[in-house]
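Enquirer: A single structure is presented below for examination.
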Amino acid sequence: MKLLQPNEMVDSIYDINLSHLKLMGIKGIITDLDNTLLAWHSSEITPTVEQWISDVRNEGLKIAIVSNNSTARVEELSAQLGGVICIAKAIKPRRGAFRSIAGQFNLAPHEIAVVGDQLFTDVLGGNRSGMYTILVNPISKQEFIGTKIMRLAEKIFLRRS
Ligand SMILES: [Mg+2]
């Protein structure tokens, strides 16, 4: 069950202490897209998200988006965010996409933080990959029914841990 435990829980990406991550030896961030950077199924990149991406880059941290969503949408949004490296249809919690980004970053897993709003995809995938995991609260409540069921399971899990 330890694999479902995030290293950190924050309200949103804006509450992540980037300079503290750097002090911990983190050199790159892999972030989820839906409900982490943007509201679910929203294609609207807010100025605050753009600012966060540039804050991450200004700290000297590498940034990539790993999403289980469709290729077209993820690539379009990554391009809009200034060519952020991205992997769509990532099949998180499988490790392939996380490993691929670690290779592209040329970083060891322990030098990478994974940020996302779901325990069973983002946190589980990041933990399985040996990365530092940060759980955020989902931006939007608009979700697939499957996600809603997962969310309930997450609630029960978090209450018990
Ligand atoms: Mg998400």
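The values are calculated or read from the model by the stated rules, or taken from the named source; none is laboratory data. This is a predicted model, so every value here is computed, not measured. Methodologically, a virtual Cβ is constructed for each residue, glycine included, from the backbone with ideal geometry; neighbour enumeration extends over all protein chains shown. Note: areas computed on protein heavy atoms with side chains; ligands, DNA, RNA excluded. Shrake-Rupley method; radii C 1.70, N 1.55, O 1.52, S 1.80 Å.
Enquirer: For the chain, which whole percent of the accessible surface, found with a 1.4 angstrom probe, sits on carbon and sulfur atoms? Show your work: numbers first, answer last.
Expert: Numbers: 4430 of 8130 Å².
Answer for the chain: carbon and sulfur cover 55 percent of the accessible area.
Enquirer: Just check segment 29-73 against the gyration tensor rule for me: Cα atoms, a ≥ b ≥ c as the square roots of the eigenvalues, rounded for a/c under 1.5, and otherwise prolate or oblate depending on whether a/b exceeds b/c.
Expert: Details: a/c = 2.58, a/b = 1.48, b/c = 1.75.
The shape class here is oblate.
Enquirer: Could I ask something else about it? May I ask you to rank Met131, Met150 by accessible area, largest first, using a 1.4 Å probe over the protein chains only?
Expert: Details: Met131 10, Met150 65 Å².
Reading off the accessible areas and sorting them downward yields Met150, Met131.
Enquirer: Further, regarding this structure: Would you calculate a helix-derived [θ] at 222 nm for the chain, using -39,500 (n - 2.57) for each DSSP H run of n ≥ 4 and dividing by the full residue count, to the nearest 500?
Expert: Estimated from H runs of four or more residues: -10500 deg cm²/dmol.
Enquirer: By per-residue mean of other Cβ atoms within 10 Å, what is the highest-first order of 96-103, 151-158? The partial results should precede the final answer.
Expert: Values: 96-103: 18.5, 151-158: 13.2.
The densest-packed peptide leads the list: 96-103, 151-158.
Enquirer: Give, as a single signed number, the net charge of other residues whose beta carbon lies under 15 Å from the beta carbon of Gly103, with Lys and Arg counted +1 and Asp and Glu -1.
Expert: On the way: positive: Lys27, Lys62, Arg95, Arg99; negative: Glu111.
Local charge sum for Gly103: +3.
Enquirer: Sort Arg57, Arg159 by accessible area with a 1.4 Å probe, largest first.
Expert: Ranking Arg57, Arg159 by accessible area, largest first, yields Arg159, Arg57.
Enquirer: Let me ask something else about it. Indicate the gyration tensor shape class of segment 1-78 (rounded, prolate or oblate), computed on the Cα atoms with a ≥ b ≥ c the square roots of the eigenvalues: a/c under 1.5 is rounded; otherwise a/b larger than b/c is prolate and the rest oblate. All intermediate terms of the calculation are to be shown ahead of the outcome.
Expert: Values: a/c = 1.78, a/b = 1.28, b/c = 1.39.
It is oblate, given that a/c is not under 1.5 and a/b is not larger than b/c.
Enquirer: Another one. Straight-line reach from Lys27: which lysines have a Cα under 16 Å away, not including same-chain ones fewer than 8 places off?
Expert: Correct list for Lys27: Lys62.
Enquirer: Can you check what the Kirkwood hydrodynamic radius comes to for segment 58-125, Cα pairs only, in Å to one decimal?
Expert: Hydrodynamic radius (Kirkwood, Cα only) of segment 58-125 equals 12.4 Å.
Enquirer: Another question about this same structure. Mind giving me the nanometre distance, one decimal, between the label points for Ala153 and Ile85, set 7 Å out from Cα along Cα→Cβ?
Expert: It works out to 3.0 nm between the two label points.
Enquirer: Return the tail of the calculated pair distribution for the chain, meaning the percent of Cα-Cα pairs more than 28 Å apart. Please report the intermediate quantities before stating the final value.
Expert: Working: 1517 of 12880 pairs.
Here the tail beyond 28 Å accounts for 12 percent of pairs.
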